[in-house]
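My structure is below; once you've seen it, I'll send some questions.
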């Protein structure tokens, strides 16, 4: 997942970008895509050892069937290989056209794309202190999702239907996104109402030649707990030929009275460099630093080196 405000880090979740066209005739188009990403990684945990980590493995098959000039039927299925188990994380079908796209089934909520972080592993988010709250999942079997994008204006809304046991608390989820793009600026706002928590995030990115600057501010609250968690995120990158340098900063203030009676402030800085060896291949290295003003939190240096291949 794009490293998100929830788990927070962000990278885009879901299937990889379509790379191979398997069939395109008679109004039917079928694409296959995939990704493999392997890292040597050491987390912020002082007790952790650096190790080889399977960060991402995806295989996706998407189909589009033209019904008329203004209506297509679309479907997708995707698999994740991030552990020894293979997980089917997408299995959906729906419609698209000038009106946008409407899909139903196993897929990711709109909120899965939240965040402006330019990190691979070293960025943090609202769940850093309260891992039992503000840590909502974004992938479910029973989601209805609508998205619209005309280039300048874009929007999306998704809803996970209640599937709780009879008599149990409603576990439905509703979220949305509203954004616009103009002259290098991309600004949007996200909101999610997830069972017992509510999170919103306002974010913007500005591209100027080889530079990209980004900022966001978000806030989360949890039912039955006093206080709130807020996050300020800043990031920037510079691309020289096929090399991209990125730097980011996160500040979180957490006074949700779930685990501690004291407010905790977190400061996080990360830097990375990425070399694009091919349009489908990149290598990268990253360092991250994290500090909190509370004795319960003590961190080590975060470092990562990785290789990603897509098709």
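Taking a ≥ b ≥ c as the square roots of the eigenvalues of the Cα gyration tensor of region 194-311, is the shape rounded (a/c under 1.5), prolate (a/b larger than b/c) or oblate?
Prolate shape, in that a/c is at least 1.5 and a/b is the bigger ratio.
Continuing with this model, one more query. Along each of the three principal axes of the Cα atoms of the chain, give the extent in whole Å, ordering the values from largest to smallest.
Answer, in whole Å and largest first: 65, 55, 45 Å.
Can I ask one more? Distance from the Cα centre of region 48-107 to that of region 231-307, in angstrom?
28
Tell me the relative contact order for the chain as a rounded percent, counting alpha carbon contacts under 8 Å between residues six or more apart.
For the chain, the relative contact order is 16 percent.
So, one more: So if we plug the beta-carbon distance of residue 211 and residue 182 into 1/(1 + (r/R0)^6) with R0 = 22 Å, what FRET efficiency do we get, rounded to 0.05?
Once the sixth-power term is evaluated, E becomes 0.80.
Take each of the peptides 161-174, 202-215, average the number of other beta-carbon atoms within 10 Å over its residues, and list them starting from the highest.
Final packing ranking: 202-215, 161-174.
Once label points are set 7 Å from the Cα along Cα→Cβ at both residue 267 and residue 174, what is their separation, rounded to one decimal in nm?
It works out to 4.1 nm between the two label points.
Mind giving me the nanometre distance, one decimal, between the label points for residue 289 and residue 85, set 7 Å out from Cα along Cα→Cβ?
3.9
By counting other Cβ atoms within 10 Å of each Cβ, how are 294, 159 ranked from fewest to most?
With the fewest neighbours first, 294, 159 line up as 294, 159.
Using 0.36 nm per residue, how much length does the chain from residue 28 to residue 45 gain when fully extended, once their Cα-Cα distance is taken away?
On the way: separation 17, 0.36 × 17 = 6.12 nm, distance 4.93 nm.
Here the answer is 1.2 nm.
Read the figures in this text as sums done on the coordinates, not as results from a lab. Quick caveat, the model's predicted, so the values are computed rather than measured. For neighbour counting, all protein chains shown are included, and Cβ atoms are generated from backbone atoms with ideal geometry for every residue, glycine included.
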